[in-house]
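Please read the structure below before turning to the comments.
Please treat every number below as a calculation from the coordinates, not as lab data. These numbers were taken from a predicted model, which means no experiment stands behind them. In this analysis, Cβ positions are derived from the backbone assuming ideal geometry, glycine residues included, and neighbour counts consider all displayed protein chains.
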Amino acid sequence: MKLLDLHHDPIDDEALARAMVRVFGGRGDERALIAGWREDGQRFVPVAVEDGGVLGWALASVQEAANPASYAEPFGADLTSLTRGEPVAVLHQIAVLPHARRRGVATALASALGQWSRSTDARSVVGVSWSHGGEHHSGHLFEAAGLRVLGRCPAYYRRFHDATGQRCPVCEPEPCDCEAVLYGARFDELHSN
Ligand SMILES: CC(C)(COP(=O)(O)OP(=O)(O)OC[C@H]1O[C@@H](n2cnc3c(N)ncnc32)[C@H](O)[C@@H]1OP(=O)(O)O)[C@@H](O)C(=O)NCCC(=O)NCCS
C-alpha cells in the first residue's frame, strides 16, 4: 500500500469516485467534487492505493477560525477556546473500502493528515465522526489521535441528505438515523507532543 497525493500524483478519478459512492452513498457529483478538490490548493487529499486500485482516502483543509464556528454550530459547540482566533485544520473525510479495513490504511491516512496539518499555519484540528452504530466507525481513530469530543448532533446527516439527495448506505431505505460527533484538539495538547 502506498499513499498518493491528489495534488501531485496521478489518481484514477473514476476509481476514487466509485470508492466514495461505495462508502458514503452516491450523490452523482463525485467526479465534480474530486475536480474541485484538485483545483483547490488549500485542500489536502491523500489517497491510499495498492496494485493500481484505490483502498481509501482522506480530505482536509485549513480554514480561518470564523468558518469552523459555523461548522460547529449544529453541535452547539463553541470553538473559541480551541481556535483562539487562529486557523484550524478541518478533517472532512476519512474512509477505507470495506475489503481493506482493519489493516492500518486509515491510520496511515490519519498520520499523513497530522503531518500535513502541522506543516500549515493551523494550531488546532476539528473533524466530524460518522457514528453509524456499526463496527467500522472512526471514533477510535479520532480518540487514538488524542482528539476529544466537542459535541454531538443526532440529525446532522439526515439534514445533509435532505439537502444533497445522498442516501445513507447504513440506514437505507429508512431515513438516516446516524449521529455525528464533533472532535477536536489543539496541536499543543496532542499525545505526539
Ligand atoms: C473508520 C475507517 C476509516 C477505519 O479504516 P481502517 O483502515 O479500517 O482503520 P485502521 O485499520 O487504521 O484501524 C481500524 C482498526 O483496525 C485495527 N487494526 C489496524 N491494523 C490492523 C491489523 N493489521 N490487523 C488487525 N487490526 C488492525 C486498529 O487498531 C483499529 O482498531 P480499533 O478500531 O479497535 O481502534 C473505516 O472503517 C471506514 O471507512 N468506515 C466507514 C466510513 C467512516 O465511518 N468514515 C469516517 C467518517 S468521519
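Odds and ends about this structure:
- Estimated at 0.36 nm per residue, the fully extended path between His8 and Val149 surpasses their Cα-Cα distance by 47.4 nm.
- Extension gain for the segment Arg31 to Asp162, taken as residue separation times 0.36 nm less the Cα-Cα distance, is 45.1 nm to one decimal.
- Relative contact order %, the chain, counting alpha carbon pairs below 8 Å whose residues are six or more apart: 21 percent
- Using only side-chain charges placed at the Cβ, +1 for Lys and Arg and -1 for Asp and Glu, the dipole size of the stretch 48-165 relative to its Cα centre rounds to 240 debye.
- Antiparallel DSSP beta bridges within the chain, percent to nearest 5: 90 percent
- Coil-residue trypsin sites (Lys or Arg not before Pro) of the stretch 37-114, DSSP, other Cβ within 10 Å capped at 12: Arg84, Arg102, Arg103
- Net charge contributed by nearby residues that have their C-beta within less than 12 Å of Cys176 (K/R +1, D/E -1): -2
- The chain - mean residue ellipticity at 222 nm from DSSP helices (-39,500 (n - 2.57) per run, n ≥ 4, rounded to 500): -9000 deg cm²/dmol
- Stretchable slack from His140 to Asp78, in nm (0.36 nm times residue separation minus alpha-carbon distance): 20.0 nm
- Put the Cα centre of the stretch 40-80 next to the Cα centre of the stretch 158-175 and the gap is 20 Å.
- Three-way shape label, the stretch 56-189, alpha-carbon gyration tensor, a/c 1.5: oblate
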